[in-house]
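Here is the structure we will look at, set down as structure tokens.
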Amino acid sequence: MPSLTTKAIHCHQYAAIESRTDGKPRHRDPPLPLRSCLSLDNIPSPQLSNDDDVLIEVHYGGVQYPDALQAMGLYQVRPPLPYCPGMDAAGIVLE
């Protein structure tokens, strides 16, 4: 049985986009370093909600160009903050 918490990289703010109270994003010039926008956090373990979901114990995570764009807020999809970045992973399927 998986633990109740897990460690995950979290993006807490976008490096190149500043959130504003009026809802209109503003570009930062210069952008923040990506390392200042990411942190290793303890989060609740993910819950499987669909029959086709799997829980993976990640051993290696790839960092690709789209991951950097997304953490900067410049990718086509801008997930709500905080989010766990990463599009590539290798590990063991637990469930």
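The values are calculated or read from the model by the stated rules, or taken from the named source; none is laboratory data. Note that the coordinates shown come from a computational prediction; the quantities given were computed from them, not determined experimentally. Note that we place each Cβ from the backbone using ideal geometry, even for glycine, and neighbour counts take in every protein chain shown. For the accessible areas, the whole protein counts, side chains as well, though only heavy atoms, and no ligand, DNA or RNA atoms are used. Shrake-Rupley method; radii C 1.70, N 1.55, O 1.52, S 1.80 Å.
With +1 on each Lys and Arg Cβ and -1 on each Asp and Glu Cβ, and nothing else charged, work out how big the dipole of the chain is about its Cα centre, in Debye to the nearest 20.
So the dipole magnitude of the chain works out to roughly 600 debye.
Output wanted: per-residue J couplings in Hz (rounded whole) for the range 71-85, from phi through Karplus 6.51 cos²θ - 1.76 cosθ + 1.60, θ = phi - 60°, x for Gly and Pro.
Listing the rounded values in order: 5, 7, x, 10, 7, 4, 10, 10, x, x, 7, x, 9, 9, x Hz.
What residue among Leu69, Gly23, Ala90 has its Cα farthest toward the positive end of the dipole of the chain, where the charges are +1 on Lys, Arg and -1 on Asp, Glu, each on the Cβ?
Gly23
Counting only protein heavy atoms, what percent of the accessible surface of the range 1-91 is carbon or sulfur at a 1.4 Å probe?
It is 55 percent, rounded to a whole number.
Which cross-chain or sequence-distant (5 or more) residues have an amide H under 5 Å from the amide H of Ile17, H modelled 1.01 Å from N in plane?
Here Arg28 satisfy the definition.
Non-local amide H neighbours of Tyr83 (under 5 Å, H modeled in plane, Pro and chain starts lacking H): which ones?
Answer set, sorted by chain and number: Cys11.
Could you pull the Cα extents of the range 29-95 along its three principal axes, largest to smallest, in whole Å?
44, 22, 22 Å, listed from the longest principal axis down.
As an exercise, identify the trypsin sites (Lys or Arg not before Pro) in the range 1-91 lying in DSSP coil whose Cβ has no more than 11 other Cβ atoms within 10 Å.
Hits after loop and neighbour filter: Arg20.
Can you give me the long-range amide H partners of Ser45? Hydrogens built in the peptide plane at 1.01 Å from N, cutoff under 5 Å, separation of 5 or more residues or another chain.
Residues meeting the criterion, in which the H sits 1.01 Å from N, are Thr5, Thr6.
If I stretch the segment between Gln64 and His27 completely, what's the gain in nm (0.36 nm per residue apart, minus their alpha carbon distance), one decimal?
Difference between extended and current length: 11.1 nm.
So with the 1.4 Å probe, I'd like the accessible area per residue for the chain, rounded to whole Å².
In whole numbers, the chain has 75 Å² accessible per residue.
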